[in-house]
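Structure, as C-alpha cells:
The values are calculated or read from the model by the stated rules, or taken from the named source; none is laboratory data. Worth saying up front: this structure is predicted, and the values here are computed from it rather than measured. Counting neighbours? That spans all protein chains shown, and the Cβs are built from the backbone with ideal geometry, glycine included.
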Amino acid sequence: MNPAPRSKLRGILSIKNEKFLNIKEQNDYKKAFYMNSTIKPWIKAELEYADKLRNCSCEERIHLYEEAYSNVSKLKIESLKCKNPENRTAGTSYPLVNTIAKYCNTEDHVLEIGCGRGFTCFKLADHVKSIVGTDVSTYSLEEAKELIKANTIFNVEFIKCNAFGLSQQFPQESFDVVISIDVIEHLHPKDCFEHFKQVYNLLKIGGKYIIQTPNKHNGPHDVTREVFPEAKNAKGFHLNEMSYYEIQQAMQRIGFKQFDSFYVSNKKIFKNIALKFPVKISLFIEKFYDSYKNISLIEKICKKFLGIHLIVEK
C-alpha cells in the first residue's frame, strides 16, 4: 500500500470515520499514516505510545510512561535547532509563570509535577524558598539540570518521578504549593484520581494546588489537532482531557475545599494584578459554551476563558 498523502490522512481516524471502517481498513489507514515521510518522527512515536498507554494495565503504565516520554522528548529535542536550554523550554509562558508567582511567597516550599525542561522552576526560583521539579522524562530532566546549572541557581532540585508515585518520594504535608502545568491531561483516567489524593496528602493545611490544563469542551488539544483535525477525542498523549466540573467533583471527593479560577493575561496593564475569581464563574461559562457553541460569536468569546486555571486549597 502506497503512503497516503497528508491531506488524505487528515481526519481519517476521527470518531466519525472510524464507525464506518472495518478493522482491516483502520489498520491500512494507520499503516499509511506511519509510512508517511512528512509526519515528524516524534509525532509518530507519540501516537504509537499513546495507543499503548490507553490499553495497558496500571502496572505496565508505570514503566511505559517513562519510556514513552523519554523517547518522545529525545526526538523533540533533536528536532530543535536552538542550543540554548532556556530557549528550548516548551509549553510554559512568561505571563503564566508571572501569574503563578503572585500566589507564592518567599517562604514557600514548592513542588512542580511534570516540570519538563525546567522553565517554571527556573523562573519561580527567586520567588520561593525552594522548589522541586519532577518528571518521568530522563532527557527533559537533563535539560532542566543544565538550565539551572548554567544560571547558578541553588534552591531548585529535580527528581525523576511520575505523577502518581509522589507519596513514595516525599513525606506528607511537606509542600506549601504544588503546581502542575499541562500535566493532568496526560494521566490515564484511572491514574488521575490517585494523583489528586497524593497531592492532597503532600500539601500542608491551607496549601494550594495550582493547575493549568486544557478544557475538553473545546478539545482535543494535543497533536490530534495537527494530524487528525476532524477527530473529536485526543489520540496523542492527552489521555484525559477534563472539564472544570469534572476536576472539581473529583477533588471535592478527596477533601479539597476552596476552588478559585485565575486568569492569565499577556497584557501589560494586568502585569501586576492577580485576577482570581470564584470557580462558579468558570463553571457557568463552561456550561454556557457547551449549550451555545454553535453560535460563532459566543464560541469566540467563551473560548478565551475555557482553558482551565485553578487554585485549589486544602
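Consider region 179-210 and keep the residues that are more than 18 Å from Ala234 (Cβ to Cβ) and of a type in the set (A, V, I, L, M). The one that is surrounded by the fewest Cβ atoms within 10 Å (Cβ to Cβ) is Ile205. Of all residue pairs spaced 6 or more apart or on separate chains, none has beta-carbon atoms under 7 Å together with a first member in region 37-54 that is modelled with pLDDT of 90 or more and assigned to a helix (DSSP H, G or I) and a second member that is β-branched (Val, Ile, Thr) and surrounded by fewer than 17 Cβ atoms within 10 Å (Cβ to Cβ).
Matching residues to (1) surrounded by 13 or more Cβ atoms within 10 Å (Cβ to Cβ); (2) at positive phi; (3) among the basic types (Lys, Arg); (4) not in a helix (DSSP H, G or I):
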residue: His238; (1), (2), (3), (4): yes, no, no, yes
residue: Tyr245; (1), (2), (3), (4): yes, no, no, no
residue: Phe259; (1), (2), (3), (4): yes, no, no, yes
residue: Tyr289; (1), (2), (3), (4): yes, no, no, no
residue: Asn294; (1), (2), (3), (4): no, no, no, yes
residue: Leu297; (1), (2), (3), (4): no, no, no, no
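On the stretch given as region 218-231, residues that are surrounded by fewer than 20 Cβ atoms within 10 Å (Cβ to Cβ) and either over 13 Å from the mean Cα position of the chain (by Cα) or assigned to a helix (DSSP H, G or I) (or both) total 5.
Count of region 96-133 residues, restricted to those that are aliphatic (A, V, I, L, M) and buried (at least 23 other Cβ atoms within 10 Å of the Cβ), is 6.
Once region 72-95 is narrowed to residues that are buried (at least 19 other Cβ atoms within 10 Å of the Cβ) and of a type outside the set (Gly, Ala, Ser), the residue that is modelled with the highest pLDDT is Val72. Of the residues that sit in region 143-160 and are crowded, with 18+ Cβ neighbours inside 10 Å and free of Cβ contacts under 8 Å to residues at least 60 places away in the same chain, which one is farthest from Glu107 (Cα to Cα)? Within region 143-160, the match that is farthest from Glu107 (Cα to Cα) is Ala144.
Scanning region 261-280 for residues that are part of a helix (DSSP H, G or I) and either surrounded by 13 or more Cβ atoms within 10 Å (Cβ to Cβ) or at pLDDT 95 or above (or both) returns Phe270, Val279, Lys280. Residues in region 209-245 that are among the charged types (D, E, K, R) and touching a Lys or Arg at 6+ places or on another chain (Cβ under 8 Å): 4 in all.
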